[in-house]
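Asker: Before I ask anything, let me first share the structure, which is written out below as structure tokens.
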Amino acid sequence: MRERHLTRHRRRTREFEAFVAGAGGRLLHAATLLTAEPPDANPRARHLLTAALAETYARWHRLRGEDPYDRTRQELAARYARTAWRHHRPALPGRPRPPAELGLLARLSPQERLILVLRLYEGVAEEQTAALVGLPVDRVRALCTRAITAMRSERAVR
């Protein structure tokens with residue numbers, strides 16, 4: 001019995017390691033976009049991804065037919081939303097803007113950034129994004145449009 005349990009555990013670990021080897025880079029890039037950190041210095045993104053992957057690994061044996069990438073992306077988005085929205089300070093007149101080296105995404109609100117990454121980078125449908133974020137579809141559409149408009153206007157200013 002114990003040997004069978006160890007065999008299952010080893011197989012689960014190998015499967016998870018193969019998943020991380022294949023999807024880890026894309027998930028890290030998504031986390032980096034969410035945190036708006038530079039790709040070469042992204043400790044918050046790495047922490048966010050590590051926590052999401054730990055949760056996925058803990059539930060690995062219960063995934064049965066569910067896509068582990070989707071599950072990890074959901075966990076990544078949920079963790080980002082819980083932390084970023086709690087600590088976000090809205091842009092106020094007179095408050096300095098984020099440094100230019102952080103890029104255009106840093107100038108968006110965390111909610112706009114999350115929706116933009118899910119919709120455009122990850123290709124998640126509006127309905128799925130709305131369910132994932134807990135907002136109505138119309139609100140997701142409006143936030144995505146506003147974020148795209150803000151990025152285009154910033155790019156035109158540069």
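Asker: What number of residues within region 6-46 are of a type outside the set (Ser, Thr, Tyr), more than 20 Å from Leu108 (Cα to Cα) and open to solvent by 50 Å² or more (accessible area, probe 1.4 Å)?
Answerer: Qualifying residue count for the region: 16.
Asker: Of all residues in region 47-60, count the ones that are among the charged types (D, E, K, R) and either surrounded by fewer than 14 Cβ atoms within 10 Å (Cβ to Cβ) or not in a helix (DSSP H, G or I) (or both).
Answerer: Residues flagged as among the charged types (D, E, K, R) and either surrounded by fewer than 14 Cβ atoms within 10 Å (Cβ to Cβ) or not in a helix (DSSP H, G or I) (or both) within region 47-60 amount to 1.
Asker: State whether the residues of region 69-83 include one that is at pLDDT below 90 and over 15 Å from Thr32 (Cα atoms).
Answerer: There is at least one residue in region 69-83 that is at pLDDT below 90 and over 15 Å from Thr32 (Cα atoms).
The values are calculated or read from the model by the stated rules, or taken from the named source; none is laboratory data. All values reported here derive from a predicted model rather than from experimental measurement. All Cβ positions, glycine included, derive from the backbone under ideal geometry; neighbour counts span all protein chains shown. Please note that ligands, DNA and RNA were not included when accessible areas were found on the heavy atoms of the full protein model with its side chains. Shrake-Rupley method; radii C 1.70, N 1.55, O 1.52, S 1.80 Å.
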